[in-house]
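Enquirer: This is the structure I want to talk about, given as structure tokens.
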Amino acid sequence: MAEVKNGDDGVQVDLIGGERMSGKTSMEKIRMILDGVRDGNIVILEEGLSPDEESKLIEVTMTEISPDEFNGIEIETYPRSETSDGGFLGRLMGRESTSTLTVIGPANQIETLHKDENLISALISRK
């Protein structure tokens, strides 16, 4: 994992490699992500979450939202192929799942400005 920090008033970015996440359960991944985001960090996953893990992340986030303490998350995944079948049948048929990159940050600090199949452009503000 690489960390970028620009002083005490800057924004910390945690880049988490696929190998670090590969041995973790879904809940361990979610807890690692939420702990980082609750600290005000932007978390970037080299290999994104599965659709089930993403749903669980949103579900757990909703239970932890507090008006004065935690506003929730903003999450963007690139690329998100709606047509690729990454399940058992897709692997059986020889289709490989596309690799993904996921950006997760505090809802009050990250705003997606533009997203297409080649680019995620985000504005990250200080607290």
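The values are calculated or read from the model by the stated rules, or taken from the named source; none is laboratory data. All figures in this text were calculated on a predicted structure; none of them were measured in a lab. All Cβ positions, even for glycine, are placed from backbone atoms using ideal geometry, and neighbour counts span all protein chains on display. In case anyone asks, the SASA skips ligands and DNA or RNA and just uses the protein heavy atoms, side chains included. Shrake-Rupley method; radii C 1.70, N 1.55, O 1.52, S 1.80 Å.
Enquirer: Just the accessible area for R20, please: 1.4 Å probe, Å², rounded to the nearest 10?
Expert: We get 110 Å² for R20.
Enquirer: Accessible area, 1.4 Å probe, largest first: how do E111, E117 sort? Spell out each step's value before the answer.
Expert: Numbers: E111 100, E117 130 Å².
The residues order as E117, E111, largest area first.
Enquirer: What residues qualify as long-range amide H neighbours of T100, i.e. H under 5 Å apart, gap of 5 or more or another chain, H built at 1.01 Å from N?
Expert: G48
Enquirer: With every protein chain present, what accessible area does E54 have (1.4 Å probe, heavy atoms only), rounded to the nearest 10 Å²?
Expert: We get 20 Å² for E54.
Enquirer: Sticking with this one: At 1.4 Å probe size, put M32, M27, M21 in order of accessible surface, largest to smallest. Working shown, then result.
Expert: On the way: M32 45, M27 90, M21 10 Å².
Largest accessible area first, the list is M27, M32, M21.
Enquirer: Tell me the label-point distance for the pair R31, L123, using the 7 Å Cα-to-Cβ offset, in nm and rounded to one decimal.
Expert: Output for this residue pair reads 3.7 nm.
Enquirer: Between Q12 and R38, what length comes free when the chain is fully extended (0.36 nm per residue of separation minus the Cα-Cα distance, one decimal in nm)?
Expert: Working: separation 26, 0.36 × 26 = 9.36 nm, distance 1.19 nm.
That pair, Q12 and R38, stretches by 8.2 nm at full extension.
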